[in-house]
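First comes the structure, then the notes that go with it.
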Amino acid sequence: MIGAFQDAAKIPELRRRVFFSLAMLIVYRIGVFVPTPGIDAEQLKNLFQRASGTLFGLANMFSGGALENSSVLALGIAPYISMSIIMQLLQASVPRLEALSKEGEHGRRVITTYTRIGTVILAMVQSLMISIGLESQGIAAHPGWSFRIITMCTLTAGSAFIMWLGEQITERGIGNGISLVISAGIIARMPSVMAGTLALTQTGELNPLSMLVLLIFALATIYLIVYVERAQRRIPIQYPKRALGGNRMTQATTQHLPLKLNTAGVIPPIFASSLLIVPATIAQVSNAEWLKGVVGFLTPATFGYELVFALLIVFFCYFYTALVFDPEKIAENLKKNGGFIPTVRPGKETSDFLYRVLNRLTIWGALYVCVICIVPTVFYSEMGAQSFTYFFGGTAVLIVVSVILDTVSQMQSHLVARNYEDFMTKSPGKMRAMARGGGPGRGKLIQR
């Protein structure tokens with residue numbers, strides 16, 4: 001990873017992309033500390049201290065601490081994630097959207113526009129609920145519709161700004177912008193959480209041995225995530241000899257189709273966590289006892305929460321894998337290009353084989369994500385390190401490590417593409433030099 005960043009500093013285009021991404025993330029972190037007008041910050045912090053073990057703590061993690069700071073970016077990227085879930089579900093059920101998803105770049109732009117509009121509408125609804133909830137808790141300095149409208153406009157604008165910022169990072173920077181924004185918020189809070197946990201050892205609430213066990217467990221979790229995220233099932237693909245015209249023939253080659261164990265990546269825990277935050281948001285404006293009971297049932301580190309969380313993770317692992325990997329399309333492309341899997345007939349048998357392999361991988365991938373997202377959270381709660389539950393829990397660490405690995409992989413892809421372009425640019429000059437009499441052994445004659 002360090003080598004990738006060192007090589008990136010030597011290439012102007014990649015260096016600009018990295019600096020642009022860092023600059024946008026700095027802007028995002030500055031916005032976290034810009035307060036929303038009309039909110040009593042002290043009472044809000046007291047509220048979060050009382051609700052530190054509930055879904056509000058989870059929402060605060062995804063906002064990078066903006067919710068606790070009563071920031072203009074308090075909604076975070078949650079409305080965009082929720083709308084993305086809705087749009088992907090609709091693409092699988094609405095024929096019009098399904099047709100748009102198959103129209104290439106034009107269809108992608110139309111769906112992106114729908115997602116943006118839906119994000120703004122959803123942010124307005126959520127911000128209105130938050131403003132009403134703040135009034136009911138006595139946190140609003142001047143209750144009334146003026147406070148609600150100002151809060152709604154401010155938080156909606158902040159959410160739209162984060163959405164725009166993430167898209168800019170994706171297009172002009174390096175890595176996935178939305179994932180980087182979430183990771184930046186988690187990473188920024190990790191030092192303070194670690195300092196707070198270390199302070200517990202000084203006050204005697206946590207003994208040094210328990211702190212050492214926590215650190216070892218956190219490092220082991222990171223190692224396991226890195227190991228599994230790089231795990232692949234490599235399916236051999238053979239291409240026979242083909243005639244190119246005249247007497248030219250291509251050589252028979254063997255390539256590999258890499259299938260990741262965790263094909264869905266960090267999407268399942270992010271989607272599952274976003275859905276679990278919805279009951280807490282609705283409960284702010286409702287006095288229904290059954291809804292309060294649901295929120296109490298979905299308290300993190302409890303059996304009910306972890307069970308629902310695991311079921312949602314398994315669902316989104318299968319759902320998102322089906323979206324990003326189409327065995328029928330891959331089988332068709334292999335057949336057109338003359339490729340085949342040894343011992344498997346081209347066409348339908350190839351797609352069935354890929355379905356079986358993908359289903360088995362998804363089962364193990366979903367179990368892995370469930371273990372990573374649930375076991376550390378329960379372990380930290382049992383150890384008495386509540387602050388570790390969110391920012392060093394399995395979900396947070398999985399998001400951060402996976403995003404870092406994905407970003408480094410994209411940087412390496414840029415480096416490989418740049419080296420290939422340099423090679424192709426220099427090749428004609430070398431050929432001309434060799435034609436003038438310089439052989440391959442006369443290096444000085446072919447230098448540019």
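For the reader, a short list of remarks on this structure follows.
- In the assembled protein chains, HIS414 presents an accessible area of approximately 60 Å² (probe radius 1.4 Å).
- The residues of the stretch 190-238 expose, per residue, 64 Å² of accessible area to a 1.4 Å probe.
- Residue order by solvent-accessible surface for LEU219, LEU275, LEU200 is LEU219, LEU275, LEU200, largest first, with ligands and nucleic acids left out and a 1.4 Å probe.
- Of the residues ILE77, ILE39, ILE216, the one with the largest accessible area comes first in the ranking ILE216, ILE39, ILE77, computed with a 1.4 Å probe on protein heavy atoms.
- Eligible aspartates and glutamates near LYS260 by straight Cα distance, threshold 12 Å, same-chain separation 8 or greater: GLU229
- Amide H contacts of LEU257 (H built 1.01 Å from N, under 5 Å, at least 5 apart or other chain): ILE235, ILE237
The values are calculated or read from the model by the stated rules, or taken from the named source; none is laboratory data. Owing to the predicted nature of the structure, the values given are computational and were not obtained by experimental measurement. These accessible areas exclude ligands, DNA and RNA; they are computed on the full protein's heavy atoms, side chains included. Shrake-Rupley method; radii C 1.70, N 1.55, O 1.52, S 1.80 Å.
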